[in-house]
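All remarks here apply to the structure that follows.
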Amino acid sequence: MERSAVSAKEAKSKKTEGQAPSGPVTPPRLRERYFQEILPALEKDLGRSNKLSLPRLQKLVINMGVGSAITEKKHIEEAVSALTQIAGQKAVVTLSRKAIANFKLRENQPIGCKVTLRGNRMYEFLDRLISLALPRVRDFRGLNPNGFDGRGNYTLGLQEQLVFPELNPDKYTRPQGMHITLVTSAHNDEEGRELLRRFGMPFRTETNEKTGAA
C-alpha cells in the first residue's frame, strides 16, 4: 500500500516536471479598466443601473483573406502562422463556399484564415492593437467612426500585418492585410461607439479631418 502511494506521488511529480509554477495571473489592463472605469461611466451616461444591460465587448474576430492561395498554397500556411503569432491563439483555415470559374476557384478551397478571441486574450489583443499596431500605420489619421453595422459591432481593416511588432519582417515578406471585427452587446451604434471610444479606440473626428491631424 505504501509502495503504491509512493509510485503515485512520483508519477505526479514527473507529470508536472518542466511546467511553470502556478500562481496568480495578472488580469489584462483593459479588462480592469472596463470594470473599474468604463462600466461606472456608462452607467451614468446611459442612465441604466442594471450593469448587465450596459454594453460590453463580447468577442473579437480577425480574418485574413488570402486570394493568392488559389495558385500558391504556401501563402495559406504563412497567413495561418502570422495570424497565430499575432493573436496568440491557433488560427483556422477558411474555405470557399462556392466555385467561381472566372477566378479558378473551386468549392471548399482554402482562401483565408481567421481566429476568434474571447476573455483575457480578447482584451490583450485589443490593448496591443490600440497601443502598438495602429500608431505604426503609415499616415494614420484615426479610424472611421462610421464603420458600425447598425447593431453596435465595429469592423476595421489593416492593409499590412507588419504593423504588429511581434512579426519578423524578414520572415513575412509578402504584404497581407486583415479585417478585425469587434462584437459588442450594445443596443445600437451610438452605444457601441461610446464603449469602444472609452477603451481608447482612436476614432477620427471632424477636427482631425479639417486639420489633417492623426
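Here, each number is a calculation from the coordinates, and none is a lab measurement. Just so it is clear, the structure is predicted and the values come from calculations on it, not from any experiment. Cβ atoms come from the backbone with ideal geometry, glycine included; neighbour counts cover every protein chain shown.
Observations
- Full extension of the chain between Asp149 and Thr173 yields a length gain of 5.3 nm, computed as 0.36 nm times the residue separation minus the alpha carbon distance.
- Shape call, region 114-214: gyration tensor on alpha carbons, a/c limit 1.5: oblate
- Of the peptides 133-140, 111-118, the order by per-residue mean of other Cβ atoms within 10 Å, starting with the highest, comes out as 111-118, 133-140.
- Stokes-Einstein diffusion coefficient of region 132-171, Kirkwood radius over Cα pairs, 4 °C, 1.567 mPa s, in µm²/s: 108
- Gain on full extension, evaluated as 0.36 nm per residue between Asp139 and Lys90 minus their Cα-Cα distance, stands at 14.5 nm.
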